[in-house]
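Student: Would you mind keeping the following structure in view while I ask a few things?
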Ligand code: PHE
C-alpha cells in the first residue's frame, strides 16, 4: 500500500483538496453567477446549498475513498454486493469519464488564462504585436496554450501524491491567497469599486425562491467542491487513517466558500470600476455581458485604463487564474491516473503521460469543433453528470454500505464519533434527504 502514496499531514490534504475545489469555478463562475442572479441572494442560496447538499456528498466521497484506499472505481466496487456490482462499475466509470471530460474543457479555458498571462508579460516588455497575438483568439494560440497547460498538469501528476500533488498544492495555494488579497485591496481603492461592493452585498430576496437560481446555485456548489466525479474520493484515499474526516471535510468546504466570496469582492467591484472607466459591461438589453467576454474583454479593457498599474494588475490577475486552474486540473487528471495505476497496474509516470495524452486529444477535438462541442461537454458534465453521480454516491453510502462499517471508518481518527452531531444527522441525511433533493432539483431543471 505504501507505494500508493499518502498526504503527509492534515494541512497537506486540506491544501490539496482546497486546491482542487478552488478553481475557475470560484474565481470566474461564482462572481458571474452572483452578478447575473440577484447579487447577495445568490450568495446566500449558494452557501445554504453548500452546507445542505454539497458538504454531505463531500463526506460520502471522503469516507468511501479513505475506506478503500484505492482508485474510485475499485473504491465503490469494494462497497457493493453481488447485486449492486454493476451499479458500482457504472458509477465509477461514469465518474472517471466525467472527470476526464471536465479536464478536457477546463484545460482549454486554463490555456486562455495562461495566454493572457503571457500577453500581460509581453505588454510589460513593450511587445505590443506579440501581446496582441497572445490575447487574440486563434486556433494556433488555443492549441499551443492548451498543450502547455497539459504539460504542467501532467508533470505534477507524474510525480505522485507527495512530490507532485502535495508539494505543488502547498506551494501554490498560499500564493493564490496572497495574490487575491492584494488584488482585492487594490481594486477597492479605485473609483467605482464602492458601487460593486454595494451590489454584491445587497440581496434581491425576491430571487431566492426562483427555481432557476436554486438550480444554478446547486450546480455551482457541486462543481465548486469538485463533487460527483470521484476527485474528492481519490484525494480521500490518500488521507491517513489517523485523521478526523468530518473535520477535514468541513475545513475544505469553508475554504472553498471563503474563496468564492472573496473572488466576488474582486471581480464584481472590478466590473464596476471598468464601467466607471467607460468600459461597457451591460449589453443593449440591460443584461450583463456573457461571462467569457467579462473575463477576456472587460477585465483586460479595465487593466488598459489603469496605465502602468494596470499592466501589473493584469499579470497578477492572470497568474491567479492560472494557479487556481492548475491545482484543480491536477485533481481531475488524478482520477483516471489513479485507476490506471491502482487497477491496471501501470507505472504512475507512464499512466500520467498516457491518460493525460488521451484527454488532451479530446481537448484538441473540442478546439477544432468549438461551436458544436464546448457547450455540450460543459452541460453534459456539470449540469447532468455531476449531480447524478453525486446522487449515486449517496445511494452507495445510504443504502448499500453497512452502517456499522461506515461508523468504523469514521471512528478512525475521530474517537467518540458515534456520539457526534455529525453521526446523528449525516447517515439518514445522505440516505433520504440528499437523493430526494437532488432528484427534485433535477426534475425541475428538465421540466
Ligand atoms: N472545483 C473546481 C473549480 O471550482 C472544478 C473541478 C470540478 C475540479 C470537478 C475537480 C473536479 O473550478
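Student: Identify which of 390, 286, 413 has the largest mean-square fluctuation in a Gaussian network model of the chain, with springs joining Cα atoms closer than 10 Å.
Tutor: Residue with maximal mean-square fluctuation among 390, 286, 413: 286.
Student: What does the extension gain come out to for residue 399 and residue 347, with contour length at 0.36 nm per residue minus their alpha carbon separation?
Tutor: 15.2 nm
Student: Still on this structure: How far, in degrees from 0 to 90, does helix 434-446 lean away from the longest principal axis of the Cα atoms of the chain, to the nearest 10?
Tutor: So the inclination is approximately 50 degrees.
Student: Would you kindly state how much longer the chain becomes between residue 198 and residue 85 on full extension, computed as 0.36 nm times their sequence separation minus their alpha carbon distance, in nm to one decimal?
Tutor: This chain segment gains 35.4 nm when fully extended.
Student: Could I ask something else about it? For residue 148 and residue 288 in the same chain, what is the full-extension length gain: residue separation times 0.36 nm, less their Cα-Cα distance, in nm?
Tutor: Additional length available on full extension: 47.2 nm.
Student: Relative to the longest principal axis of the chain, what angle (0 to 90°, nearest 10) does the C-alpha long axis of helix 167-188 take?
Tutor: With rounding to tens, the tilt is 40 degrees.
Student: Can I ask one more? Between residue 421 and residue 188, what FRET efficiency follows from the Cβ-Cβ distance if R0 is 60 Å, with the result rounded to 0.05?
Tutor: Once the sixth-power term is evaluated, E becomes 0.95.
Student: Could you work out which residue, out of 153, 297, 327, moves most in a Gaussian network model of the chain, that is, has the largest mean-square fluctuation with Cα springs under 10 Å?
Tutor: 297
Student: Given points 7 Å out from each Cα along the Cα-Cβ axis, report the residue 250 to residue 128 separation in nanometres with one decimal.
Tutor: 5.7 nm
Student: Give the shape of the range 119-205 as rounded, prolate or oblate, defined through the alpha-carbon gyration tensor: a ≥ b ≥ c are the square roots of its eigenvalues, a/c under 1.5 means rounded, and otherwise the shape is prolate if a/b is larger than b/c and oblate if not.
Tutor: Since a/c reaches 1.5 but b/c is at least a/b, the shape of the range 119-205 is classed as oblate.
Student: Something else: What nm value, rounded to one decimal, do you get for the distance between residue 9 and residue 212 when each label is placed 7 Å out toward the C-beta?
Tutor: Going by the 7 Å Cα→Cβ label model, 4.8 nm.
Student: Roughly how many Å is it from the Cα centre of the range 65-81 to that of the range 315-352, as a whole number?
Tutor: Value for the Cα centre distance between the two parts: 20 Å.
Student: Quick one: plug the Kirkwood hydrodynamic radius of the range 204-281 (C-alpha pairs) into Stokes-Einstein at 25 °C, 0.890 mPa s, and report D in µm²/s.
Tutor: 158 µm²/s
Student: Sort all Cα-Cα distances of the range 1-121 into consecutive 5 angstrom bins from zero, then give the percent of pairs in each bin up to the one containing the longest distance.
Tutor: Answer for the range 1-121: a P(r) of 2, 8, 11, 17, 18, 17, 13, 8, 4, 1, 0, 0 percent.
Student: Right, next: Report relative contact order for the range 10-446 in percent, whole number only (criteria: Cα-Cα under 8 Å, sequence separation at least 6). It would help to have the intermediate numbers written out before the result.
Tutor: Numbers: 655 pairs, mean separation 150.1, N = 437.
So the answer I get is 34 percent.
Student: Give me the mean projected area, in nm² to one decimal, of the convex hull enclosing the Cα positions of the range 50-175. The partial results should precede the final answer.
Tutor: Numbers: hull surface 43.8 nm².
Projected over every direction and averaged, the Cα hull of the range 50-175 covers 10.9 nm².
Student: Here's something else I'd like to know. Highest GNM mean-square fluctuation, the chain, Cα pairs closer than 10 Å: which of 154, 295, 64?
Tutor: 295
Student: Which whole-angstrom value gives the distance between the alpha carbon centres of the range 11-60 and the range 197-271?
Tutor: Here the two parts' Cα centres lie 1 Å apart.
Student: Determine one quarter of the surface area of the Cα convex hull of the range 358-427, which equals its mean projected area, and express it in nm² to one decimal. Kindly include the intermediate steps, with their values, before the conclusion.
Tutor: On the way: hull surface 28.9 nm².
Answer in nm², one decimal: 7.2.
Student: If one computes the Cα centroid of the range 395-440 and of the range 135-168, what distance in Å separates the two points?
Tutor: Between the Cα centres of the range 395-440 and the range 135-168 lies a distance of 37 Å.
Student: Mind checking the log10 I(q)/I(0) for the range 265-361 at q = 0.17 Å⁻¹? Debye, one equal scatterer per Cα, no solvent, two decimals.
Tutor: Summing over Cα pairs of the range 265-361 leads to -0.77.
Student: Something else: Describe numerically, in nm with one decimal, the distance between label points set 7 Å from Cα along Cα→Cβ at residue 436 and at residue 309.
Tutor: 5.4 nm
Student: What is the ratio of the Cα radius of gyration of the chain to 2.2 N^0.38 Å, with N the residue count, to two decimals?
Tutor: Relative to the 2.2 N^0.38 Å estimate, the chain comes out at 0.96.
Student: Angle between the Cα long axis of helix 245-276 and the longest principal axis of the chain, 0 to 90 degrees, nearest 10?
Tutor: Tilt of helix 245-276: around 10 degrees.
Student: Tell me the mean residue ellipticity at 222 nm calculated for the chain from its helices only (DSSP H runs of n ≥ 4, each -39500 (n - 2.57), averaged over every residue, nearest 500). Walk me through the numbers on the way to the answer.
Tutor: Details: 21 runs with 315 residues, N = 447.
Here the helix-only value at 222 nm equals -23000 deg cm²/dmol.
Each reported figure results from applying straightforward, stated rules to the coordinates on display, with no laboratory input. A quick note: this is a predicted structure, and the numbers were derived from the prediction, not measured. All Cβ positions, even for glycine, are placed from backbone atoms using ideal geometry, and neighbour counts span all protein chains on display.
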